[in-house]
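Chemist: Okay, handing you the structure first.
A short reminder: the numbers here are calculations on the coordinates, not readings from a lab. Quick caveat: nothing in here was measured; it's all calculated off a predicted structure. Cβ placement follows ideal geometry from the backbone for every residue including glycine, while neighbour counts extend to all protein chains displayed.
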Amino acid sequence: MKDPFERPWHGIGVGGSTALDFANTLDWRLRDQPIELFKTFPDLLRFGRSVAVLEPREARRLRRWAEAHPAAAKRVLDEGKEVREAMAAIFQALVDGKALPPGSVRQLEEAYRAASTARALRPSDVGVAWVWREASPEPHRPIWAAALDAAQILTSPESARVRQCGDAECGWFFLDTSRNRTRRWCSMKACGNRNKARRFYSRATAKRSAVSD
């Protein structure tokens, strides 16, 4: 049986960016009781591998590190959730047209600064490129990569494209890259079809009720 750790993360690509996919790791965000997908530190690593922030061998190496240092791994996981929720609060404010929460912005800035310190410019085939400074990946790397991407979105015209799924409970975020900026659902196959079926059922029920009256 294949190790679940090796499976791709569900929903990768729906958000259109590492940061938004990261925010979407709290599933059914708008429910009274959302579903936490980052249950253990290996979940964070599996996400990082799925978005190509970690090579498979690096993810496996960090899983072994976590087995040897469970308390430290839990601290990293908890920090990841805090940064994720700071990012989600900022994205939510963008969607709602409200002022960005200062505390969340500060927390994202701290993660961005840590991520920037962990990177370096190195020669490449096209000049220079940003690379991770450490040969062995830091356990924070998935968090840092998401923070870097979030900062890039928030300081560019892409910030105006941040949307949230129109489902009343989903809450997933995404970048609307549709031609007319009219994308409504995180996924037409999931929330889109489900809400289409709900509307059809509601209209059919109303029609039957009107006929019986």
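Chemist: Around Arg163, under 9 Å between beta carbons, what's the net of Lys plus Arg minus Asp minus Glu among the other residues?
Modeler: Values: positive: Arg161, Arg181, Arg183, Arg184; negative: Asp176.
Result for the neighbourhood of Arg163: +3.
Chemist: Separate question: Taking just the alpha-carbon atoms of the chain, what radius of gyration and Dmax come out, in angstrom?
Modeler: Answer for the chain, Rg first and Dmax second: 19.8, 77 Å.
Chemist: Relative contact order for region 4-184: what percent, with Cα pairs under 8 Å and sequence separation of 6 or more?
Modeler: Working: 236 pairs, mean separation 53.0, N = 181.
Relative contact order, region 4-184: 29 percent.
Chemist: If you don't mind, there's one more thing I want to ask. Using only DSSP helix segments of four residues or longer, with each worth -39500 (n - 2.57), what per-residue ellipticity at 222 nm results for the chain after dividing by its residue count and rounding to 500?
Modeler: Numbers: 7 runs with 106 residues, N = 213.
Rounded to the nearest 500, it is -16500 deg cm²/dmol.
Chemist: Do any cysteines of the chain lack a neighbour Cys whose Cβ is under 4.7 Å away, and which are they?
Modeler: Cys191
Chemist: Let me ask something else. Suppose we flag trypsin sites (Lys or Arg not before Pro) only when DSSP calls them loop and at most 10 other Cβ atoms lie within 10 Å. Which is the longest uninterrupted stretch of the chain?
Modeler: Result, exposed sites excluded: 99-178.
Chemist: A further question on this structure: Hey, how much of the P(r) for region 63-166 falls beyond 19 Å, as a percent of Cα pairs?
Modeler: Values: 2808 of 5356 pairs.
The share of Cα pairs beyond 19 Å in region 63-166 comes to 52 percent.
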